Amino acid sequence: MAQQPSNTTKYLYKIVPSHPKPSVSAHGNVLGNSTPVLPPSTLDISSNFIHMSTASQIIGTLTRFFATSGEQRSVIYLLRVPLQPLEEREVVKWESPDAKVGGSRDGEGMFPHIYFNDAEDEEVGFSENPDTKSRRLWIRKNEVESMMEVVSDIGCAGWEEGLKKLDGWLV
């Protein structure tokens, strides 16, 4: 199932809005247990997989789905998830953003999507019928290495300035 990304890709990133804030410790480290970090997004529920980005795809994803006007500050969080454990479990597919075309990660056309699919990941989902079993659509705390807050600056339409502060973390 898993497709091989660039050899330099070590992490995948999940962009989450500022509400609800993901659960973290006072030092910004993710708490070490298996409870969900945050509920699944509406997009993840409708797609039935978890949308992720590589470091180089973050700015495009932010621009498209989290546009800022520059008139006020906006806040998002980036969850950094190590890629290797996900690949070992064979739960990552490299696909077009709509998941209609799959393949290897060449350039920016293919996005990492997580399809948790084994018995340990089948849990009651976020559907209208709470008895319905469905694919897990959230990332657990023990799957996230770290998290950073990104703030857009007033007067700057976009996330570029906020992302500059992540130099060395966003790799």
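Here LYS14, LYS165 are placed in order of increasing Cβ neighbour count within 10 Å, fewest first, which gives LYS165, LYS14. In order along the stretch 55-66, phi translates into HN-Hα couplings of 4, 6, 8, 4, 4, x, 5, 4, 4, 6, 9, 9 Hz, rounded to whole numbers, per the Karplus curve 6.51 cos²θ - 1.76 cosθ + 1.60 with θ = phi - 60° and x for Gly and Pro.
Values quoted throughout were computed directly from the atomic coordinates according to the rules given, and no laboratory measurement underlies them. These figures come from a predicted structure and were not determined experimentally. Using ideal geometry, Cβ is built from the backbone for each residue, glycine included, and neighbour counts are taken over all protein chains shown.
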